[in-house]
1. Only residues that are closer than 27 Å to Gly46 by Cα, open to solvent by 60 Å² or more (accessible area, probe 1.4 Å) and not β-branched (Val, Ile, Thr): list them for the stretch 76-96, please.
2. So which residues in the stretch 32-51 are at pLDDT 95 or above and surrounded by 15 or more Cβ atoms within 10 Å (Cβ to Cβ), if there are any at all?
3. Enumerate the pairs (first residue in the stretch 12-25 and among the aliphatic types (A, V, I, L, M); second residue anywhere and open to solvent by 60 Å² or more (accessible area, probe 1.4 Å) and outside any helix (DSSP H, G or I)) with beta-carbon separation below 8 Å, excluding pairs fewer than 6 apart on the same chain, so at least 6 apart or on different chains.
4. For Gly70, which of the numbered conditions (1) more than 15 Å from Asp27 (Cβ to Cβ); (2) not in a helix (DSSP H, G or I) fails to hold?
5. Within the bounds of the stretch 90-106, is there any residue that is touching a helix residue (DSSP H, G or I) at 6+ places or on another chain (Cβ under 9 Å), in contact (Cβ under 8 Å) with a residue 12 or more places away in the chain and part of a loop (DSSP other than H, G, I, E, B)?
6. Can you find, within the stretch 1-52, the residue that is nearest to Cys103 (Cα to Cα) among those that are part of a helix (DSSP H, G or I) and among the charged types (D, E, K, R)?
7. Within the stretch 52-71, which residues are without any contact (Cβ under 8 Å) to a residue 40 or more places away in the chain and not small (Gly, Ala, Ser)?
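The values are calculated or read from the model by the stated rules, or taken from the named source; none is laboratory data. All figures in this text were calculated on a predicted structure; none of them were measured in a lab. Using ideal geometry, Cβ is built from the backbone for each residue, glycine included, and neighbour counts are taken over all protein chains shown. In case anyone asks, the SASA skips ligands and DNA or RNA and just uses the protein heavy atoms, side chains included. Shrake-Rupley method; radii C 1.70, N 1.55, O 1.52, S 1.80 Å.
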Amino acid sequence: MNDAGRSVGPARGSYKLPLDRVLVVHDEIDLPFGEIRSRLGGGLAGHNGLKSLKRELGGTEFQRVRIGVGRPDSTDPEIVAGYVLGRFRQSPAEVEEVVGRACAEVERVIAEQAAAAAEEPSE
């Protein structure tokens, strides 16, 4: 994820997608575990993968589905990195449930984008 922009940037160019049609699904330590939010654009909050995407895509105005993983009790970068890259502390059933809800949100965002594209006048 930290270098996601290296593949997403060329893929976007190949498909000639407007930036707002790119959908990124990512972990979010600023959301409690299991909370899922979607939005267009936003800050990077120190997320290396989002920094890579901004660098390669030329901006941050892409669609996002943010999946809350919670935050460790420390702000030490090594502890935070270990937390995000480590195993979930929740049960496999809890993780599976969150993944299912995240998938449903991705499908909702894609359906919304498709409906909006269908309403756009053709050139």
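1. Asp76, Pro77, Glu78, Leu85, Arg87, Phe88, Arg89, Glu94, Glu96
2. Phe33, Gly34, Glu35, Ile36, Ser38
3. If the second residue must be open to solvent by 60 Å² or more (accessible area, probe 1.4 Å) and outside any helix (DSSP H, G or I), the pairs left are Leu19/Gly58; Leu19/Glu61.
4. (1)
5. So far as the stretch 90-106 goes, yes, one or more of its residues are touching a helix residue (DSSP H, G or I) at 6+ places or on another chain (Cβ under 9 Å), in contact (Cβ under 8 Å) with a residue 12 or more places away in the chain and part of a loop (DSSP other than H, G, I, E, B).
6. Once the filter is applied, the top-ranked residue is Arg21.
7. Passing the criteria: only Thr60.
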